[in-house]
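Asks: Just passing along the structure, written as structure tokens.
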Amino acid sequence: MTLQSIEEYGPQFQIKVISSLLTHKEFLVNIHDILSHESFGNQAHQWIIKEILSYYDKYHCPPSMEVLKVEMKKLTNDVLKLSVKEQLREAYQASTEDTEYVQEEFSTFCKNQQLKKALLESVDLLKMGDYDTIKFRIESAIKAGQDKNIGHEYNKDVESRYREDNRKTIATPWPEINELLQGGLGNGDFGLIFGNPGGGKSWSLVALGGFAVQMGFNVLHYTLELGEDYVGRRYDAFFTHVPVNLILQNRDKVEEVIPQLEGQLIIKEFPTGKATINTIESHIKKIISMGITPDLIIIDYVDLLSSKRKSTDRKFEIDDIYTSTKGLARELNLPIWSVSQVNRAGSKDDVIEGDKAAGSYDKMMITDVAISLSRKKEDKVSNTGRFHIMKNRYGMDGVTFHLNADTSTGHFEITDAPDPDDEPRSSKSERNTNFDELDRRMLANKFFELNT
């Protein structure tokens, strides 16, 4: 049974509704025609809802924090201004673990309010015998709040596609690569690192995961080849800079660094060839149900998953696995990094190109970002190597970076940059640098500490 008043849901529920309206455009699109500020009893909530609806009517997207800050300055009532500031802070910090439930319940509440309003208005119309108008109003109330998200409306969505936070990214440890990727790997993106056996591919995933955790993001690391405990020790080596073969004698350093980590790291092992992409998806949903919101998924490595599509040709199974992985990234709206092998010819190259992908060249077509890590036997002795940008949907590719590669701690350091003549034409000031920003909850703290 749906409650009759928004106040009956409690203040935290109302905060989560506002949070969803500010951060989930699809929710706002579907509900804006039945949303009314009058449904809220709190004066600050009413002000926020009115601003959201007013901004949406003009720009077809939710207002940003910067817009709300400007509008707050126009308030002449200092008490209301302070209240709005505190309510917005809570909204941007609100937990997202039950967002789907909040959105569904509030949508139902608003639909019922519209239906109740139509029924009350129909009383006088019934006395007048105006059945056509009654029918029209009841049908309109029933249809209210239905899914209206038809996709990116080019003419209307100018504001949303030029928002800096429209594509949320998680940076890699390498600023030079972040620049080429317009900030890093974005939500819904599938990134792949190719390399030869024993060349440090799995270590590169530890570098990506460890750096994200240090930045305050929650990382799920799936291992299909190495044990959970050993992968954990590799992360210990990354965080402490102590070689993995010496980490057991340096537990004190590990215990010293762990409390300083901003994000959470969960490592899950599945048997080689037994798990499918559905297995990964089920575990992710289990993690979410336990109150942990993942920001980055790492799979070491996708080729070792099992395909639902059985075939005598392994290529078709691999293509199915990769397509499903890309689909999972889009469905969950999360970035996924993985690694893959190169063929025998590729393992001998100084710079590994896209035609050296083992198993299926279609891997390159499916991924959004493909990077090769080339380390020949001479490189393993001298701790060197090369990153080569094989494919990049977000900018220039074909760029090679030389590395210092420490595969005892997972630290890969780019030692040179590409020729300036090869740089993209856009200046650095025009590039997206949102990989330097904190996540939205940390940003909300910082933003609302400023005087308004």
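The values are calculated or read from the model by the stated rules, or taken from the named source; none is laboratory data. If you're wondering where the values come from, they're calculated on a predicted model, not measured in any experiment. In this analysis, Cβ positions are derived from the backbone assuming ideal geometry, glycine residues included, and neighbour counts consider all displayed protein chains. Calculation scope for accessible area: heavy atoms of the full protein, side chains included, ligands and nucleic acids excluded. Shrake-Rupley method; radii C 1.70, N 1.55, O 1.52, S 1.80 Å.
Asks: Could you look through segment 95-109, keep only residues that are hydroxyl-bearing (Ser, Thr, Tyr) and more than 10 Å from PHE27 (Cα to Cα), and pick out the one that is least open to solvent (accessible area, probe 1.4 Å)?
Replies: Ranking the qualifying residues of segment 95-109, first place goes to THR99.
Asks: Do the conditions hold for LYS117, that is, is it among the charged types (D, E, K, R), part of a helix (DSSP H, G or I), open to solvent by 70 Å² or more (accessible area, probe 1.4 Å) and more than 26 Å from ILE52 (Cβ to Cβ)?
Replies: Judged against the criteria, LYS117 is not a match.
Asks: Right, here's the next one. Out of curiosity, is TYR235 modelled with pLDDT of 95 or more, more than 20 Å from LEU305 (Cα to Cα), within 23 Å of the chain's Cα centre (by Cα) and of a type in the set (Ser, Thr, Tyr)?
Replies: It is true that TYR235 is modelled with pLDDT of 95 or more, more than 20 Å from LEU305 (Cα to Cα), within 23 Å of the chain's Cα centre (by Cα) and of a type in the set (Ser, Thr, Tyr).
Residue-by-condition table, conditions (1) basic (Lys, Arg); (2) out of contact with any Asp or Glu (no Cβ under 9 Å at 6 or more places or on another chain); (3) farther than 22 Å from ASP397 by Cα; (4) modelled with pLDDT under 75:
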residue	(1), (2), (3), (4)
ASP319	no, no, yes, no
ASN333	no, yes, yes, no
GLN341	no, no, no, no
VAL351	no, yes, no, no
LYS356	yes, no, no, yes
GLY359	no, no, yes, yes
MET364	no, no, no, no
ALA370	no, no, no, no
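Asks: For a quick check of your reading of the model, give me the residue pairs whose first member lies in segment 113-133 and is farther than 30 Å from GLU7 by Cα, whose second is of a type in the set (Lys, Arg), with beta-carbon atoms closer than 8 Å and at least 6 apart or on different chains.
Replies: Pairs found: LEU125/ARG137.
Asks: Which residues, taken from segment 120-144, are outside any helix (DSSP H, G or I) and either more than 21 Å from HIS32 (Cα to Cα) or open to solvent by 70 Å² or more (accessible area, probe 1.4 Å) (or both)?
Replies: Selection gives GLY129, ASP130.
Asks: Oh, and also: What helices (runs of 4 or more DSSP H), lying completely within segment 310-419, carry at least 3 residues that are surrounded by fewer than 16 Cβ atoms within 10 Å (Cβ to Cβ)?
Replies: So the answer is 314-332, 377-382.
Asks: If you go through segment 178-185 one residue at a time, do you hit one that is small (Gly, Ala, Ser), at pLDDT 90 or above, in contact with a Lys or Arg (Cβ under 6 Å, 6 or more places away or on another chain) and within 30 Å of LEU403 (Cβ to Cβ)?
Replies: No.
Asks: Hey, which of the helices (runs of 4 or more DSSP H) in segment 1-63, taking only ones fully inside, have at least 3 residues that are over 24 Å from LYS81 (Cα atoms), open to solvent by 30 Å² or more (accessible area, probe 1.4 Å) and out of contact with any Asp or Glu (no Cβ under 7 Å at 6 or more places or on another chain)?
Replies: Result: empty, no element qualifies.
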